Amino acid sequence: MLEVEGLHARYGQSHVLFDVSLRVERGEVVCLLGRNGAGKSTTLKSIIGVVPPAAGRVRFKGEDVTGREPFLLARLGIGYVPDDRRIFADLTVAENLDIAARPAAGGEGWTRERVFGLFPVLREKLGHKGGHLSGGEQKMLALARALVGNPELLLLDEPLEGLAPLLVRALAGQILRLKAAGLTVLLAEQNVGAALGVADRAYVIDDGRIRYHGTVADLKANDEVRRRYLLV
Ligand SMILES: Nc1ncnc2c1ncn2[C@@H]1O[C@H](COP(=O)(O)OP(=O)(O)OP(=O)(O)O)[C@@H](O)[C@H]1O
Ligand SMILES: [Mg+2]
């Protein structure tokens, strides 16, 4: 579903991604692991066109979409939840969801009601302003908002970061439910334990380069890679 080949990215003079290649097949949850500043967010931003790639190719469902603008990629079916959430603080929960809603291509898809099944707290806070929600609730709203857009591929940037352990477990469980519902996910995370609990395969990025990729079972068994690049 997603093929990234030889991606390079820069911020001005500073070259931060080097020859990043990765693939995500339909129905997979793939995680991109790495410590602070490793290049996880930049990889997602380059895929979604927020940071246009300096070189390399991005293909979505076989189509070359390299550097295409984020709204066009959203229309093609890629949902993106940035690490800073970007919910509308002055709009209510209901309004945040309604402006992002987009019918599914086939079948029922993700409706507001179905999303409330995952995040019941959002139903209780429908009339509350986004800016008045707790950090964890804002994370749920950002994810809910991406879902009602009915993406085929979801790019999640550190959805578990900064959450209390109980909430990490709850949200990880919800990501598993998304996978069971057939959604394809690329998950950038620093929380290695939680990410490996939900993913099928993993890529490890460090210093802007992919250092390892393999199944979750392989990475769990590879102490050296985990120690060298992930400090776990
Ligand atoms: N807007 C920017 N301008 C200049 N350099 C940036 C910018 N954003 C990120 N960088 C640099 O690019 C490199 C990769 O950063 P990136 O945010 O992709 O890492 P990350 O893996 O997402 O880290 P974190 O876990 O802290 O979110 C880092 O060296 C960072 O300092
Ligand atoms: Mg980041």
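Bear in mind that the values in this text are calculations on the coordinates, not laboratory data. Only a predicted model underlies this, so the values are computations on that prediction, with no experimental measurement involved. Glycine also receives a Cβ, built like all others from the backbone with ideal geometry; neighbour counts cover every protein chain displayed.
When the Cα atoms of the chain are aligned to their principal axes, the ranges along those axes come out at 47, 36, 35 Å in descending order.
Here the chain is assigned +1 on the Cβ of each Lys and Arg and -1 on the Cβ of each Asp and Glu. Its dipole about the Cα centre then comes out at about 120 debye. When the helices in the chain are scored as -39500 (n - 2.57) per DSSP H run of 4 or longer and the sum is shared across all residues, what 222 nm value do you end up with, to the nearest 500 deg cm²/dmol? Computed mean residue ellipticity for the chain: -9500 deg cm²/dmol.
Round to a whole angstrom and tell me the spacing of the C-alpha centers of region 21-98 and region 218-232. First find each Cα centre; the distance between them is then 26 Å.
Protection proxy ranking, highest mean first, for peptides 20-26, 106-112: 20-26, 106-112, where packing is the per-residue count of other beta-carbon atoms within 10 Å, averaged.
For region 173-232, the calculated P(r) over all alpha carbon pairs, in 10 Å bins from 0 to the bin holding the longest distance, is 21, 55, 21, 3 percent.
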